[in-house]
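Structure first, then comments.
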Amino acid sequence: MGARDRHAVTNRATTRLSEPVPDSRVTVVIPARDEEGIIGEIVTAVKPYADEVLVVDGHSKDRTREIAGDRGVRVMLDGGRGKGEAMRMALQQATTGIVVFIDADGSHDPRDIPKLVAPIRAGEADLVIGSRQTGGSDELHGTVEQFIRYIGSQLIMLGINYRWNVRFTDSQNGFRAIRRDVGIRLGLTSNLTTIEQEMLMKALKRGFRVSEVASHEYERRWGTSMVVVWKLWFVYVWSFLRNLI
């Protein structure tokens, strides 16, 4: 058994039991913006693990929407406010009981989708996050900016663990699965990438079951990251403080 498999289900926080998921079908959501060079490959790669694929486009200026539509999947436009808005819209528009979010830049491995979904289908979790700390990452330590981003995310993770007496390792990875009904009930509000830590914090606050599984993060294969640390650090800190109470 490999190192990644040994971490298949780790660090579960359970403060309240929820009923089993009534619909175990899966919608894979791909938030995308200007990803024409890889979106077709990502759509094709996730199809074997999805009952529905939904691409939420952030008003791309290239052929992202056209290429995704040519692959025979649902494509919709977000309101132009950011990834968080795209994810909230996807939760409303999905037609299955489980929603998986995966980035459009090739940094996540679609073959890990069954691992993310398994605890929810088994009635053991409501939210499952792919952990880059246990699965490894090619992006967290490559540059000074990436290192600062890593330190900041770990400080926030430490605060979350202390606040709810849990031992999770990754609050901000965009690769995750959630019960659609739970995602809607959380009342998510963030329009930015802070939605990922907001989702975890609100799930813990409201007593939903959270798990994480090991998942490797690869270097993005197309485009440039929209997360600029010196522009967004205050937003992440404010999101953290706002959701502590």
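A few comments on the model shown:
- Checklist (1) over 18 Å from Val100 (Cβ atoms); (2) open to solvent by 10 Å² or more (accessible area, probe 1.4 Å) applied to Gln172, failing item: (1)
- Residue match in the range 132-153 (condition: surrounded by 19 or more Cβ atoms within 10 Å (Cβ to Cβ), among the aliphatic types (A, V, I, L, M) and over 21 Å from Glu41 (Cβ atoms)): no
- Applying the set (1) closer than 15 Å to Val235 by Cα; (2) at pLDDT below 95 to Ser190 leaves exactly one unmet item: (2).
- Filtered residues of the range 100-131 (kept if of a type in the set (A, V, I, L, M, F, W, C) and open to solvent by 10 Å² or more (accessible area, probe 1.4 Å)): Ala118, Ala122
The values are calculated or read from the model by the stated rules, or taken from the named source; none is laboratory data. What you see is a predicted model, and the numbers here were worked out from it, not measured in a lab. Note: ideal-geometry Cβ built from the backbone for every residue, glycine included; neighbour counts use all protein chains shown. Note: areas computed on protein heavy atoms with side chains; ligands, DNA, RNA excluded. Shrake-Rupley method; radii C 1.70, N 1.55, O 1.52, S 1.80 Å.
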